[in-house]
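The values are calculated or read from the model by the stated rules, or taken from the named source; none is laboratory data. Note that the coordinates shown come from a computational prediction; the quantities given were computed from them, not determined experimentally. Cβ atoms come from the backbone with ideal geometry, glycine included; neighbour counts cover every protein chain shown. We work out accessible area using only protein heavy atoms, side chains counted, and drop any ligands, DNA or RNA first. Shrake-Rupley method; radii C 1.70, N 1.55, O 1.52, S 1.80 Å.
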Amino acid sequence: LLDELRQQMVLSLPMKFLCRDDCLGLCPVCGENRNIRHCGHKLKSYNTLATQLEDIKDKIERLKD
């Protein structure tokens, strides 16, 4: 089941996170397009998506125990 869940999560991720190399993306806090306006939120230095996936992995592993 873990492998199936992992595959589905990977397949649901966008293939490309940014529209172009110089794209600033969306603010992870408020969703503002950072190419148009800077909302003022500080961005954390780690990848929030990767952190969330690690949290999910840890929860699944705890459930298996």
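Of note:
- The figure for ARG20 is an accessible area of roughly 110 square angstrom, using a 1.4 Å probe on the protein chains alone.
- The modelled label-to-label distance between SER12 and HIS41, using points 7 Å beyond Cα along the C-beta direction, is 2.0 nm.
- Accessible area ranking (1.4 Å probe, heavy atoms, ligands and nucleic acids excluded), largest first, for LEU13, LEU63: LEU63, LEU13.
- At full extension, THR51 and ASP65 could sit 2.9 nm farther apart than now, given 0.36 nm per residue minus the alpha carbon distance.
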